[in-house]
Amino acid sequence: MSTVSDVSSGSDVNLGHIAVSAKPLDKFREFLTLRGKRLTPERSLIVEEVFSNHEHFDTDQLVARLANRQDGRSVSRSTVYRRLTEMVEAGLLRKVARHQDREVYEHDYGYPQHDHFICKKCGSLTEFENDGISRALEQVAQQFGFRMEGHRLEVYGLCDACARAPRARHRKLDMV
């Protein structure tokens, strides 16, 4: 099976969800409790906003989404940075790529194993699933006696739009 979702262009192709034992907020609360911390209203707000939709995002985009909330609740930029780090440690998020000096995050909890095409020019991320890649990795792991628990594949190159040849412009002198 091969599924593609170009999240940067808003395509409707969806990778789906996988069954999880707890909601993201409950998983985060459990993570914090094990570390002697509590789920503050700010932490809760950030988790709710991050999991309100499945998009790749950077910190600035999340800060902007939080600032534009209709309920007037907000969180400082420094708090967002610290909470994202905690959410990565808790297994809720993962850093996918770095483009133009920005870290890009995605949900890691409740979503199936998938990989990414990352455009080096515009930074677009295209998600895809491919069972053939997974099977090939399992075979290689077996050859080496390695117990594979998952994989992360990021393929860098140019997206279709960036790879297209620029349209030739006629110089004014050529048209005389």
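Summary table
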read-out	value
Filtered residue count, the range 68-116, keeping only those that are over 15 Å from Glu55 (Cα atoms) and outside any loop (DSSP other than H, G, I, E, B)	15
Test for Glu127: is it in contact with a Leu (Cβ under 7 Å, 6 or more places away or on another chain), among the acidic types (Asp, Glu) and buried (at least 17 other Cβ atoms within 10 Å of the Cβ)	yes
Condition broken by Lys121, with the remaining ones in (1) surrounded by fewer than 13 Cβ atoms within 10 Å (Cβ to Cβ); (2) outside any helix (DSSP H, G or I); (3) not assigned by TED's automatic domain parsing to the domain that holds Glu154 satisfied	(3)
Number of the condition not met by Pro24 [criteria: (1) of a type outside the set (Gly, Ala, Ser); (2) in contact with a Lys or Arg (Cβ under 9 Å, 6 or more places away or on another chain); (3) in contact (Cβ under 8 Å) with a residue 60 or more places away in the chain]	(2)
Residue check, Ala64 modelled with pLDDT of 80 or more, within 19 Å of Leu45 (Cβ to Cβ), of a type in the set (A, V, I, L, M, F, W, C) and loosely packed, with under 14 Cβ neighbours inside 10 Å	yes
Unique residue being in contact with a helix residue (DSSP H, G or I) (Cβ under 7 Å, 6 or more places away or on another chain) and either charged (D, E, K, R) or surrounded by fewer than 13 Cβ atoms within 10 Å (Cβ to Cβ) (or both) when the list is Arg82, Arg73, Arg69	Arg73
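The values are calculated or read from the model by the stated rules, or taken from the named source; none is laboratory data. These numbers come from a predicted model, not from an experiment. Backbone-built Cβ (ideal geometry, glycine too); neighbour counts: all protein chains shown.
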